1. Only one of (1) modelled with pLDDT of 95 or more; (2) in contact with a strand residue (DSSP E or B) (Cβ under 8 Å, 6 or more places away or on another chain) fails for Thr129. Which number is that?
2. If you scan segment 124-148, which residues turn out to be farther than 16 Å from Leu77 by Cα and surrounded by fewer than 18 Cβ atoms within 10 Å (Cβ to Cβ)?
3. Quick one: how many residues across segment 83-123 are among the acidic types (Asp, Glu) and farther than 18 Å from Ile63 by Cβ?
Amino acid sequence: MTSPALASTPLSTACHTAQDTAPDTSPKEESPRRWVTLCQRGDLVPGSGVAAWLEQAGQDFQIALFTLPSSADSDALTLFAIDHHDPVSGANVIARGLLGDHAGEPLVISPLYKQRYRLKDGQCLDDETLSLQVWPVRLEGDAVQIQC
């Protein structure tokens, strides 16, 4: 079942890598990464997270986008894009997590089993074997873009 937030929020895009149909025996180069628009600035909730859908090279990802104010007296935002899938519960719930910080570094706390993940690199602070994928993210005008 799709969560109401994902069903009602049009945050869908696609990032596909072109592939040749003929077999290629040459050494593989990584496909160049590019910036893809996930949503608009108005779709974000300051001080909270929203979930977005990404299709990349035949795989689907749910991404949690977090928006934090850069400072109390500024309209500038700091954005984070991190995997929405909680590896402990197996549910896509990270965007619904609580925001906090540890030693001045922003983190999200999983809403189910309360593991803490750093937003900058996805590392779990409670279990070093766990981490979430992160994506470079930027605000280009009003477009929220991730690099994939």
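The values are calculated or read from the model by the stated rules, or taken from the named source; none is laboratory data. No experiment lies behind these values; they were computed from the predicted model shown. With ideal geometry, Cβ positions are generated from the backbone for all residues, glycine too; neighbour counts draw on all protein chains shown.
1. Answer for Thr129: the failing condition is (2).
2. Passing the criteria: Leu125, Asp126, Asp127, Glu128, Thr129, Leu130, Ser131, Gln133, Gln147.
3. The number of residues fulfilling the criteria is 2.
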